[in-house]
1. Of the numbered conditions (1) at positive phi; (2) touching a residue at least 24 places away in the same chain (Cβ under 8 Å); (3) not small (Gly, Ala, Ser), residue 164 satisfies every one except a single condition; which is it?
2. Where residues in the stretch 150-175 are modelled with pLDDT of 80 or more and over 26 Å from residue 279 (Cα atoms), which of them is surrounded by the fewest Cβ atoms within 10 Å (Cβ to Cβ)?
3. What pairs can you find where one residue is in the stretch 140-161 and over 19 Å from residue 233 (Cα atoms) and aliphatic (A, V, I, L, M), the other is at pLDDT below 75 and surrounded by fewer than 17 Cβ atoms within 10 Å (Cβ to Cβ), and their Cβ atoms are less than 9 Å apart, with a gap of 6+ or different chains?
4. Out of (1) within 17 Å of the chain's Cα centre (by Cα); (2) farther than 23 Å from residue 129 by Cβ; (3) modelled with pLDDT of 95 or more; (4) not small (Gly, Ala, Ser), what's the single condition that is false for residue 267?
5. Can you tell me which residues in the stretch 206-240 are assigned to a helix (DSSP H, G or I) and surrounded by 15 or more Cβ atoms within 10 Å (Cβ to Cβ)?
6. Run residue 203 past the list (1) farther than 22 Å from residue 253 by Cα; (2) buried (at least 18 other Cβ atoms within 10 Å of the Cβ); (3) at pLDDT 90 or above; (4) in contact with a strand residue (DSSP E or B) (Cβ under 8 Å, 6 or more places away or on another chain) and report the number of the one that doesn't hold.
7. Quick check, is residue 206 touching a Gly at 6+ places or on another chain (Cβ under 9 Å) and touching a residue at least 40 places away in the same chain (Cβ under 8 Å)?
8. Within the stretch 247-264, take every residue that is within 17 Å of the chain's Cα centre (by Cα) and part of a loop (DSSP other than H, G, I, E, B) and give me the one that is surrounded by the most Cβ atoms within 10 Å (Cβ to Cβ).
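The values are calculated or read from the model by the stated rules, or taken from the named source; none is laboratory data. Quick caveat: nothing in here was measured; it's all calculated off a predicted structure. Here Cβ is always computed from backbone atoms with ideal geometry, including for glycine, and neighbour counts include all displayed protein chains.
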Amino acid sequence: MVTSRDILVARSSTRHSPPLIEILATTVVSFAIQKVWDISRRDLLPYLKAWLAKETILDKEHRDLLDDLFGFIRNASLIVGKRYPGADNSVCEDDVQAVLSIAGFIPLTLAAKPEIRETMDSDINFNGNICSIGSPITSQFSGWMMGFPFELHSEMEPDFIPDLPYTINYQVEDRCKGKTIDRIRDMDDPLPNRSIKDTQTDEDIYIPTYDPNTMTYTKDYLLVIKTRSIHAEGRAHGYKNLVVAGCHRSGTRAIELVLKDKDMLQRIFDEVGDDDFEAVISVDVEKTEPKRVKLLNVQSVT
């Protein structure tokens, strides 16, 4: 099989977990990631301790909203991409932290420890629920969901692309125009800006704000996309796909703030109910840390 993007897979079982098991599951995820991958030289243990120290008990209404919107993730494959295929240190730590956030808010009991996969092969259950963390720059699955073509192909390419009202535009800057996402991936001096684009008008609607003094982004944007499976077998069994993708890293990591915001979850549910949907969320960033989120738009997706 043709080698694609390196991806990280964590599996979960269908069993609903009580609060104690939720905490233990999050611990397993954290230690497994730290043990298997040298994501960066920064130790993940401080993050783990900070996470476990947070309030883990949610009121019933909040839990019900999470279950209504994202409950299928309890029985899903969690996918985190690697920016550079074959590189040991190219897993984005912000994407991994987003996985930990999801594991903390939506109970997951891991059936197996996460492992590095270098090809999209049968070990990834495409005939099942899939949650892809990260933008198309790091996750080819996220790129498939947004309709991006890739130079490297796989036998597992989708046969259905959802009709999304918004996508990420990687050709905002002149130096990126006319280049494929595979080419833009290697451009990081400095990292090109991206935007949220209206797919109907092709207009850039939301563009992250860059501060040249600190060389950081102070405003980012996050797409949360829930659709039926983009693979025929999965659709036949009613499986779902979820993509959590920021324009930049801080946007993706802001999923923690979204899952904590009961009012935002209620607004999303009031708007779309049980429908598939795409939500656009703004993220205020301070010193690379996501601090505040605001729901800008949510629409049903077919």
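1. In the conditions (1) at positive phi; (2) touching a residue at least 24 places away in the same chain (Cβ under 8 Å); (3) not small (Gly, Ala, Ser), residue 164 misses (1) alone.
2. We begin by selecting, within the stretch 150-175, every residue modelled with pLDDT of 80 or more; these are 158-175.
If we keep only those that are over 26 Å from residue 279 (Cα atoms) too, we end up with 174-175.
Details: 174: 8, 175: 11.
In this case the residue turns out to be 174.
3. What qualifies is 152/2; 152/3; 152/85.
4. Tallying (1) within 17 Å of the chain's Cα centre (by Cα); (2) farther than 23 Å from residue 129 by Cβ; (3) modelled with pLDDT of 95 or more; (4) not small (Gly, Ala, Ser), residue 267 fails exactly one: (1).
5. Looking only at the stretch 206-240, we keep the residues that are assigned to a helix (DSSP H, G or I), and these are 232-236.
Of everything in the stretch 206-240, those that are assigned to a helix (DSSP H, G or I) and surrounded by 15 or more Cβ atoms within 10 Å (Cβ to Cβ) turn out to be 234, 235.
6. Only one criterion is unmet by residue 203, namely (2).
7. So residue 206 fails the test.
8. 254
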